[in-house]
Amino acid sequence: MSDVGAVSALNASNLLATWEQGTAQHPLERAVRLLHLAWPHRSAAEWARVSVGERDRQLLRLREQLFGPKVEATTRCPKCGNELELTFTARDLESTVVEPQGDGRLRLVSGEYEIEYRLPNTADLLEIANDAGQSLTVLPGQCLTALLARCVVARHRDGPVQSTDLPAAVIEKLSSSMAEADPYAEIQIAMDCAGCSHRWSMVFDVVSYLWTEIEDWAERMIRDVHALASAYGWNERDIVGMSALRRRLYLELANA
């Protein structure tokens, strides 16, 4: 899927409304709503059908538009428990994305098995999450069987075969092929603990990270509206419609 162009329909007012509506939604529905808000030429249903990796690649682009290129987070070393800080940009995560065939499907041959598959998407995850009663935003291992059943058509030399009946070696090769074709589907950050020299990979969940940032922004915006409305008697629509610079200057005057 090619880049979709610059964010075209984003402002403080509709982002605040999206945050309010999203508080009652599944995290995956929030992701789709944010993409539709930023690029409304695709419907929410269409965004739900792009691959998980493409969804997260575009969410990284959206996050950069909203909050800048630098991503900052903390985690703990699983060996010694030290708190670690990490900083990176979306550019640091750039990977080559394999474009599917014209019909949107990819193909793999492994021994006597011929496999045709499509990349998992948000609609798949939502159905699986709803069935499992979980709030999935990434691709945990326990989802693999359900995902393969939805996304894979396999044949053996003797005829069609269920994805659940594929040998472990074939499933491993298929999983690797999917990861190579959709590298943003599971963003791995290499970690190195300075305290104990332990090295590991951390999964970066852009859906959860971005929504947390939006929640923090929305709460700050509500406080700003309250302060300016109290000081000047302005309504919320006018305050939210101001540029961030004007709001800051008025707040400084109100607090002087």
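The values are calculated or read from the model by the stated rules, or taken from the named source; none is laboratory data. Predicted, not measured: the structure shown is a model, and the values here were computed from it. Cβ coordinates were reconstructed from backbone atoms using ideal geometry, including for glycine residues, and neighbour counts include every protein chain displayed. Protein only, heavy atoms only, side chains kept; ligands, DNA and RNA dropped before computing areas. Shrake-Rupley method; radii C 1.70, N 1.55, O 1.52, S 1.80 Å.
Observations on the structure shown:
- Cβ-Cβ under 6 Å pairs, at least 6 apart or on other chains, the stretch 76-94 side more than 15 Å from W200 (Cβ to Cβ) and surrounded by fewer than 13 Cβ atoms within 10 Å (Cβ to Cβ), far side among the hydroxyl-bearing types (S, T, Y) and at pLDDT 95 or above: none
- Looking only at the stretch 12-67, residues that are assigned to a helix (DSSP H, G or I) and either open to solvent by less than 60 Å² (accessible area, probe 1.4 Å) or aliphatic (A, V, I, L, M) (or both) come to 33 in all.
- Hey, Y184 touching a residue at least 24 places away in the same chain (Cβ under 8 Å), hydroxyl-bearing (S, T, Y) and under 26 Å from G104 (Cβ atoms) or not: yes
- Of the criteria (1) outside any helix (DSSP H, G or I); (2) surrounded by fewer than 16 Cβ atoms within 10 Å (Cβ to Cβ); (3) in contact (Cβ under 8 Å) with a residue 40 or more places away in the chain, which one A169 fails: (1)
- Residues that are among the small types (G, A, S) and over 23 Å from the mean Cα position of the chain (by Cα) do not occur anywhere in the stretch 201-215.
- The residue that is nearest to N82 (Cα to Cα), among those in the stretch 197-249 that are exposed (fewer than 14 other Cβ atoms within 10 Å of the Cβ) and of a type in the set (S, T, N, Q), is S197.
- Residue check for M191: in a strand (DSSP E or B), in contact (Cβ under 8 Å) with a residue 60 or more places away in the chain and in contact with a strand residue (DSSP E or B) (Cβ under 8 Å, 6 or more places away or on another chain): yes
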